[in-house]
Amino acid sequence: MMKNLISFLSLILLLTACGSNETKSNPVTKSNDDGLKLMESKCYACHNPKTESPDVIIAPPMIAVKKHYLAEHESKEAFVKAVVDWAMNPEEENALMPGAINKYKIMPKQSFEKEELQKIAAYLFDNDIEKPKWFGQHEKEMHGDGGKGNNWKKAIALIDGKKWKVDAVTQKHIEQLQKTVSDNQAGGTSDDVEIYHKLGSLMSDEVGALLKDCTMEGADHDALHQFLMPLMKKMDKLKTTPTALIGKKVFGKIGDQLEEFGKYFEE
């Protein structure tokens, strides 16, 4: 009887293991193969990750598109809607990638089916996207921080809530930069791209004077430079912005960063 019981239990275990293996061989996946196929057929003619260098590709790779849209839209619903809305009607004032427009020009309007775009955007959100082999180095050269734009905040994170100290001269230059932003925002936006070129030059000169006058040393000095480096990159973009619409966006980002200064530094 004991032998029969052991044989019965062994059979049960064997059948259970077989059922388990069958389940594992057919895993449930969110890969959305239709979305991948559509992205390859509809997007890769311009956004091809197989290109040999950033000088060959004629539009930003889809991994870059994903990074920029995720930075603005954390939920899948918002992400998909934003990507679809842009692809259906690409306009400069709605662009999340002004640098790409500067380099590649505005995306031509295409005849897309909305349902197909939704599948592409959903795949983009849910899955790892193939990177061109040159993308990592290109991203460092262009952004210095993986394209996130706010890594300076991590670099100067407050220690026990204590703000970094700046000298009076530095504080004065920062206040002048903030005044330049507030004066020009109060006057409304401009349709003249040259206005933004001049603002970029004016603010770059102010930062240059700040660096020349700065007498700070040590950790406070290092934290200040972590704050200034991405700010100067934005000003360089403003000086060469191809359109007033892009200039407006870049100028707004400069203003946003300057507004954060008081959260991290004090005299």
Taking only pairs six or more apart or across chains, which ones have beta-carbon atoms under 8 Å, a first residue in the stretch 74-95 that is under 18 Å from Lys109 (Cβ atoms) and free of Cβ contacts under 8 Å to residues at least 12 places away in the same chain, and a second residue that is part of a helix (DSSP H, G or I) and charged (D, E, K, R)?
-> Asn94/Asp85
From the list Asp191, Asp145, which one is modelled with pLDDT under 90, part of a loop (DSSP other than H, G, I, E, B) and over 20 Å from Met97 (Cβ atoms)?
-> Asp191
Among His225, His173, His197, which is more than 30 Å from Lys105 (Cα to Cα) and either basic (Lys, Arg) or under 27 Å from the mean Cα position of the chain (by Cα) (or both)?
-> His225
Any idea how many residues of the stretch 97-128 are aromatic (Phe, Trp, Tyr) and closer than 17 Å to Ile57 by Cβ?
-> 1
Can you pull out the helices (runs of 4 or more DSSP H) entirely within the stretch 1-110 that have at least 3 residues that are surrounded by 10 or more Cβ atoms within 10 Å (Cβ to Cβ), at pLDDT 80 or above and not assigned by TED's automatic domain parsing to the domain that holds Val250?
-> 33-42, 62-72, 76-88
Residues in the stretch 212-253 that are in a loop (DSSP other than H, G, I, E, B) and surrounded by fewer than 19 Cβ atoms within 10 Å (Cβ to Cβ) total 7
State yes or no: is Phe227 assigned by TED's automatic domain parsing to the domain that holds Tyr196 and closer than 19 Å to Leu158 by Cβ?
-> yes
Could you tell me whether the stretch 160-170 includes any residue that is of a type in the set (Val, Ile, Thr), surrounded by 19 or more Cβ atoms within 10 Å (Cβ to Cβ) and either at pLDDT 85 or above or in contact with a strand residue (DSSP E or B) (Cβ under 7 Å, 6 or more places away or on another chain) (or both)?
-> yes
Residue within the stretch 194-208 that is more than 16 Å from Met235 (Cα to Cα) and either modelled with pLDDT of 90 or more or of a type outside the set (D, E, K, R) (or both) present | no
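The values are calculated or read from the model by the stated rules, or taken from the named source; none is laboratory data. Model, not experiment: these values are computed from the prediction. So basically every Cβ, Gly included, is an ideal-geometry build from the backbone, and we count neighbours across all protein chains shown.
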